[in-house]
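Read the structure below first, then the notes.
Coordinate-derived values only; no laboratory data. These figures come from a predicted structure and were not determined experimentally. So basically every Cβ, Gly included, is an ideal-geometry build from the backbone, and we count neighbours across all protein chains shown.
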Amino acid sequence: MDQHVLTIDPTGAERHTESAYLLAHGPATRVDILGQQAWAVADPAVLKALLVDPRVSKDAAQHWPKFPDEIVGKWPLALWVGVSNMFTAYGTDHRRLRRLVSPAFAARRVAALAPRIEDMTAQLLDALAAVAPGESVDLRENLAVPLPIQVISSLMGLPVAAQQAFRGLVDAVFDTTLSPQEAGANAVRLYEVLADLVAEKRENPGDDMTSLLIATRDEEGDGSALTEQELLDTLLLIISAGYETTVNLIDQVITTLLTHPEERAKLDAGKAQWRDVIEETLRFEAPVAHLPLRYAIEDIEVEGGLTIRKGEAILASYAAVGRHPDLHGDDADAFDVTRPLKDHLAFGHGVHFCLGAQLARMEAEIALRMLFDRFPDLAFAPDAELRPLESLISNGHQRLPIVLTPAGAAAAAVD
Ligand code: HEM
């Protein structure tokens, strides 16, 4: 077995080269993630099997021998593996923590949010329409970021000051170029803001998920429903999932459609629907590229004579999985909105399947449909330079400089 170790690029700049290497290398590849080794899995069948295997856990405290001594204060991604919420919980703890939140993401509840999301989008587009024609505007900063933040803030009942405070702090959680000290200082500040939020909502509860979680904890005074740490970390998970991931999906759909005009034409001609564009983008540019971490509870034999040993870490490499020819054919590297098979793993698989998948899909569809209806001629600004976010996890761009022409304005100018 080839024991070459691939260093995962923390700046995100080498993502596609990295994916190609992982795909060529077989079911699992030894990788170095900021100094810690793991098995990156990019084969869809192998990854799916691992994601439902009870011998695979996300609970570092129970199942990663390196945690906490070699990780806390020493590894920049310590927060990702050290939190106490459903994201890192195993077995009955996972079921307990997920059940507290999942009713809020039930299909009917989410569908009922559509009119509110349309109103929020309309307001953001009104502001964009006020930009002088021909002037460059950053669509990430002015649409892709604020819409998901407004939606999650409304669900969680976040006061404006908290919304603003979380912005930079959550961005930094996804920035994988920070040192362990910088990431640690960011986490300290993040917990201060979370504690302030809980204190404020304990005092003045509202009709929102933060207040509901606090009430659940406080009614069971012995902490049997969730501990104070689990409360803070559950809020952190939902806020950060809401702040970062859908942003990248909206960003990637805009970018991919503008760089593939022939695919945009299929959409305009009715040969594909927005739903198809969104699913193809999730496959082609998975918004969560690599997801740290999982651990083998026992030795696990993977195909090809490979064994993942007890205590070794596993990295789900969703961006590479989306380009795997076994699942998507020899043209897996092509963006094709009419592709029939949309079976990607961008939202994960198994018990940790993304709780916000339906919300994310709906938000993206509303935002994109309304954007392209209102500004059908939108185009990259002439000097636009697309730089990836500095993250091995988050797959988006630092900025999306766009020039907008409102529908009808181009024709009016010709008249
Ligand atoms: C395009 C947008 C999104 C993408 C690509 C995405 C992706 C993912 C992925 C890949 C996982 C599984 C992680 C694993 O391998 O264990 C996950 C889990 C999760 N996501 Fe999302 N997510 C998105 C949006 C959201 C939103 C909007 C929310 C909520 C507001 C959300 C809440 C969660 C939660 C709570 C989990 C943890 C579930 C568990 O561990 O049981 N996500 N997401």
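Stretching residue 24 away from residue 207 to a fully extended chain increases their span by 60.8 nm, per 0.36 nm per residue minus the current alpha-carbon distance.
Using a Förster distance of 60 angstrom, determine the FRET efficiency expected from the C-beta separation of residue 273 and residue 70, and round it to 0.05.
Working: r = 48 Å, r/R0 = 0.81.
Approximately 0.80, to the nearest 0.05.
The value obtained for the range 6-414, namely the Cα convex hull volume divided by the number of residues, is 141 Å³ per residue. Compared with the direct C-alpha span, the chain from residue 330 to residue 195 gains 43.6 nm at full extension, assuming 0.36 nm per residue. Charge tally for residue 364 (other residues, Cβ to Cβ under 15 Å; Lys, Arg +1; Asp, Glu -1): -4.
For the chain, calculate the relative contact order in percent as a whole number, restricting contacts to Cα pairs under 8 Å that are 6 or more residues apart. It would help to have the intermediate numbers written out before the result.
Working: 653 pairs, mean separation 108.4, N = 415.
This gives 26 percent for the chain.
Inter-part distance, the range 194-261 to the range 320-377, computed on C-alpha centroids, equals 23 Å.
For the range 61-109, state which chymotrypsin sites (Phe, Trp or Tyr not before Pro) are in a DSSP loop and have at most 11 other beta carbons lying within 10 Å of their beta carbon.
Sites meeting the loop and neighbour criteria: none at all.
Between residue 138 and 402, the built amide H atoms are under 5 Å apart, and every one of these is 5 or more places off in sequence or on another chain. Only lysine pairs 8 or more places apart or on separate chains count here, and in the range 6-414 those with Cα atoms under 26 Å apart total 12.
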